[in-house]
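The values are calculated or read from the model by the stated rules, or taken from the named source; none is laboratory data. Since the structure is predicted, the reported quantities are computational estimates derived from the model, not experimental observations. So basically every Cβ, Gly included, is an ideal-geometry build from the backbone, and we count neighbours across all protein chains shown. Areas reflect the complete protein model, heavy atoms only, side chains present, ligands, DNA and RNA absent. Shrake-Rupley method; radii C 1.70, N 1.55, O 1.52, S 1.80 Å.
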Amino acid sequence: VTHDQGEAMTMSDRVAVFNNGKILQCAAPKDLYDSPNCSFVAEFVGENNRFSGKIERVEGSTCAVRIADGTVILAERVEGLATGAAVRVYVRPERIIVGPDAAQQANSFPARVADATFLGDHTRLKVEMPGNADVTVKRNFFGDTGTLDPDEETTIGWPLKASRLVAA
């Protein structure tokens, strides 16, 4: 038993996330991180960007989620969630691409840089996109096309599989 997430993730084959004495999810650390099964686990394990909305349509293995301002985010379909369901889409900051390559992703949006903080191995960006004025991006330096400064316009995007869908 530990309350240290780093310790739990590195030393365990399986991790159980409890809330109010109930096990919400028990899985391998990578599965907890990549595929949380509920909002509590998504928000408890690691860092996430959250978008709340309703499933507008389902096409094959893809769900289109419309958030409050009308922006549509695509996510992989999750069993048990159907058209009209209230959902949350979670996207890890390190899975968001910034710059010209972002336009090629399933989810691609114009964005404005609100803040940029250099942290050595990555730059932490706070960006504003349609429907969310507080998106966190961890931008590493692979294929980096330069720095981004506050108030600079750019494009952010992420692949379909980076959008994790859970019931609201």
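Spatial offset of segment 17-81 relative to segment 92-108 amounts to 18 Å, using the alpha carbon center of each. The alpha-carbon atoms of segment 70-156 define a convex hull whose volume equals 109 cubic angstrom per residue. Computed in the context of the full set of protein chains, the accessible area of the chain at 1.4 Å probe radius has 50% of its extent on carbon or sulfur. Once C-alpha pairs closer than 8 Å and six or more residues apart are averaged by separation and normalised to the residue number of segment 35-90, the relative contact order reads 37 percent. Hull volume per residue, based on the alpha-carbon atoms of segment 1-85 and their convex hull, is 113 Å³. Counting only protein heavy atoms and a 1.4 Å probe, segment 1-57 has 63 square angstrom of accessible area per residue. Seen from ALA64, the other residues with C-beta closer than 12 Å to its C-beta sum to a net charge of +1, counting Lys and Arg as +1 and Asp and Glu as -1.
Accessible surface calculations at 1.4 Å, restricted to protein heavy atoms, place segment 58-137 at 47 Å² per residue. Extending 7 Å from the Cα toward the beta-carbon at both LEU160 and ASP101 defines two label points whose distance is 2.0 nm. With N the number of residues in the chain, Rg(Cα) / (2.2 N^0.38 Å) evaluates to 1.08.
By the rule of a C-alpha distance below 25 Å, with chain neighbours fewer than 8 residues away ignored, the lysines paired with LYS30 are LYS22, LYS138, LYS161.
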